[in-house]
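Before I ask anything, here is the structure I am working with.
Please treat every number below as a calculation from the coordinates, not as lab data. A quick note: this is a predicted structure, and the numbers were derived from the prediction, not measured. Every residue, glycine among them, receives a Cβ derived from its backbone with ideal geometry; neighbour counts consider all protein chains shown.
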């Protein structure tokens, strides 16, 4: 029996990786050299694993994109953009990338494995606002990382507490900037200091700059505005604006 225009005699081909729960992949190897050890986190686009290089016994973080997402040119381009952006940047407060590849239709990105937790989780666990001196130290580290990215012609476009990772280090907390999936990469900043417009809205509404909300071209100031929103949250416990919808939030940033 046939239904609609589908020929029942033709099998539907589904990539086996798409059917796996992320936890089921623990113990398997990707790219022929990275053994997946445990799930660190997952989202709509894919999963981040703690992994080990099978020859070097080095612990790393491997970010994978689901094959179904990788088949979408826009999503694959976004994943590639993150790899390219990180490959241009070498800074103590920016996560380091080691490898990028494709295996069985699945894109993967290999990065430095960071101990600790994101700023969002750290803030949520505090009974009160952090000391001003500590806030100043974290802000200084974030500014160092952002300045390096901007000098390289890269605008992050998605600065938020989830993308600032905190680790214990000698002398205090170390901040590392992660997730360049929405980064705008250009070879050079033009004469007026702005990068080519993306023509699309990109970012997280709680922390987006007015120009991002309006889908205008971004500049280094866009990241600084987002960092200002994060600073406000660190000092008062909440972001500068709150609303029941993304549209309302963006309107508050714009007006």
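Going by Cα centres, the range 91-149 and the range 62-84 are how many Å apart?
20 Å
With an 8 Å cut-off on Cα pairs and a minimum separation of 6 or more residues, tell me the relative contact order of the range 16-111 in percent.
With pairs under 8 Å counted, the relative contact order is 22 percent.
How high is the relative contact order of the range 51-190? Use alpha-carbon pairs under 8 Å, at least six apart in sequence, and give a whole percent.
28 percent
Another one. Listing 53, 156 from the residue with the fewest other Cβ atoms within 10 Å to the one with the most, what is the order?
Listing 53, 156 from fewest to most nearby Cβ atoms yields 53, 156.
Evaluate the relative contact order of the range 117-254 (contact order divided by residue number), counting alpha-carbon pairs under 8 angstrom at least 6 apart; express in whole percent.
Relative contact order, the range 117-254: 25 percent.
Listing 235, 216 from the residue with the fewest other Cβ atoms within 10 Å to the one with the most, what is the order?
235, 216
Name the shape class, rounded, prolate or oblate, that the alpha-carbon gyration tensor gives for the range 16-111, where a ≥ b ≥ c are the square roots of its eigenvalues, rounded holds for a/c under 1.5, and otherwise prolate holds if a/b is larger than b/c and oblate otherwise.
Since a/c reaches 1.5 but b/c is at least a/b, the shape of the range 16-111 is classed as oblate.
Among 151, 157, 174, what is the fewest-to-most ranking by other Cβ atoms within 10 Å?
151, 174, 157
To continue, here is another question. Modelled label-to-label distance, residue 214 and residue 254, 7 Å Cα→beta-carbon offset: nm?
0.9 nm
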